[in-house]
Amino acid sequence: MKLVFAGTPEVAVPALDALIASDRHEVAAVVTRPDAPAGRGRRLVASPVAERAEEAGIEVLKPARPRDEDFLARLREIAPDCCPVVAYGALLPKSALDVPARGWVNLHFSLLPAWRGAAPVQHSVMAGDEVTGASTFLIEEGLDSGPVYGVLTEEVRPTDTSGDLLTRLAFAGAGLLAATMDGIEDGTLHAVPQPAEGVTLAPKITVEDAQVQWSAPALRVDRVVRGCTPAPGAWTLFRGERLKLVQAAPVLDRTDLAPGELSAGKNNVYVGTGSHAVELLWVQPQGKKPMRAADWARGVRIAHGELLGL
């Protein structure tokens, strides 16, 4: 098939690579979000997908909005058979959905209908799921509600951050998306409607969502820290300033600390929760680089009974 691939961040690159490597399909063009400011200088930088496509000599389309008529006209000129999508980052209007004969097929990082929305992996980790996965489905105008072509499963490991899990799903999902394209092309794969039961939503995680509540149980605190790593980053307040929590671990045998109460030793920093304590392993003070929690604690000289949080 002639394909137009839509994607933007690094997590979409493995799928693009898999389709470029396929000897059954041609990636005629790539659609990605416009260049965005990045770094201290805030200079405009192309998306990882745009950079990879340019390296491969593939035409790159960067519409401000996918309903722009110039973009739609070019898409019609290319006349793709199918448009595979991974984390493109913009809603596709019906005028775009109607262009490819075999539709737009999304690789979504959950076992649909669970975790429909922008942040499925983060929500999966924060909810304590033991198993998640990826699904390929035909995009409709509803939110991740279209019929499913294929799925794969992936264990959520006890120490996984959302970044760890998303990286594994990106590479495994690349194979799933390529196989889905093959099955659509040769007619052996047919989409199956999603069940009405089991729908859960995964909206974007905000900075406010990432604030740790120390009155919550330690397992919940651990899930929030892992689920919000690397972005937007779990955080708390210390002496009125934000302290980012990069890595932490529950300590099941310590229950002597009140929620938010700090206890610092020579090599360990503990904080109380609504159940047992959590050990802080890596933190990032405001305006500084990540550091070992024990080094941070020595520098700030934590007082007896001092608290994190409000």
Charge dipole (debye, nearest 20) of the chain; +1 at Cβ of Lys and Arg, -1 at Cβ of Asp and Glu: 1380
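With a cut-off of 8 Å between alpha carbons and a minimum separation of six or more residues, what is the relative contact order of the range 22-122 in percent?
Computed over the range 22-122, the figure is 22 percent.
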Backbone HN-Hα couplings from phi across the range 56-70 [Karplus 6.51/-1.76/1.60, Hz, Gly and Pro as x]: 8, x, 9, 4, 10, 10, 10, x, 4, 9, x, 8, 4, 5, 4
Sequence-distant residues sharing a close amide H with GLU306 (under 5 Å, placed H): LEU262
Along the charge dipole of the chain, Cβ charges K/R +1 and D/E -1, which of ILE302, ASN267, GLY163 sits furthest on the positive end? ILE302
Any idea what log10 I(q)/I(0) is at q = 0.14, 0.18 Å⁻¹ for the range 216-310, Debye with uniform C-alpha scatterers and no solvent? -0.43, -0.74
Which listed residue (GLY187, VAL246, THR200) has the Cα farthest towards the positive end of the charge dipole for the range 179-288, taking +1 on Lys and Arg C-beta and -1 on Asp and Glu C-beta about the Cα centre? VAL246
In square angstrom, what is the accessible area per residue of the chain with a 1.4 angstrom probe? 48
Mind checking which of VAL13, CYS82, SER145 is farthest towards the positive end of the chain's charge dipole, using Cβ charges of +1 (Lys, Arg) and -1 (Asp, Glu) about the Cα centre? VAL13
Note down the magnitude of the dipole of the range 150-241 about its Cα centre, charges +1 on Lys and Arg C-beta and -1 on Asp and Glu C-beta and zero elsewhere, to the nearest 20 debye. 460
Once neighbouring chains are kept in place and the probe is 1.4 Å, which whole percent of the accessible area of the chain is contributed by carbon and sulfur? 52
Would you pull out the residues with amide H under 5 Å of VAL85's amide H, same chain only if 5 or more places away, H placed 1.01 Å from N? ALA6, VAL105, ASN106, LEU107
What 222 nm value per residue comes from the helices of the chain, counting each DSSP H run with n ≥ 4 as -39,500 (n - 2.57) and dividing by all residues, nearest 500 deg cm²/dmol? -8000 deg cm²/dmol
Ratio to report: Rg/Rh of the range 102-217, with Cα atoms as the point set and Rh obtained by the Kirkwood method; give two decimals. 1.01
Taking the chain as a Gaussian network, Cα atoms linked when under 10 Å apart, which of ARG116, ARG239, ARG43 shows the biggest mean-square fluctuation? ARG43
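Once you have a ≥ b ≥ c as the square roots of the Cα gyration tensor eigenvalues for the range 38-121, tell me rounded if a/c is under 1.5, and otherwise prolate or oblate according to whether a/b is larger than b/c.
On the way: a/c = 1.70, a/b = 1.05, b/c = 1.62.
Oblate shape, in that a/c is at least 1.5 and b/c is the bigger or equal ratio.
If I take every Cα pair under 8 Å that is 6 or more residues apart in the chain, average their sequence separation and divide by the length, what percent do I get for the relative contact order?
Numbers: 678 pairs, mean separation 40.4, N = 310.
Answer for the chain is 13 percent.
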Below 8 Å, C-alpha to C-alpha, sequence gap of six or more: please give me the relative contact order for the range 68-133 in percent. 28
State the Cα centre-to-centre distance between the range 60-127 and the range 261-310 in whole Å. 42
Taking Kirkwood radius over Cα pairs in Å as the quantity of interest, determine which of (i) 23.3; (ii) 21.2; (iii) 19.5 was computed from the displayed structure. (ii)
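What dipole magnitude, in Debye to the nearest 20, does the range 200-244 give about its Cα centre under +1 on Lys/Arg Cβ and -1 on Asp/Glu Cβ? Display every interim value, and only then the final one.
Values: 7 positive and 4 negative charges, 18 e Å.
My answer is approximately 80 debye.
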How much length is gained on full extension from HIS304 to ALA28, taking 0.36 nm per residue of separation minus their Cα-Cα distance? 93.0 nm
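The values are calculated or read from the model by the stated rules, or taken from the named source; none is laboratory data. Not measured: the values here are computed from a predicted model. Reconstructed Cβ throughout: ideal geometry from the backbone, glycine too, with neighbour counts over all protein chains shown. We work out accessible area using only protein heavy atoms, side chains counted, and drop any ligands, DNA or RNA first. Shrake-Rupley method; radii C 1.70, N 1.55, O 1.52, S 1.80 Å.
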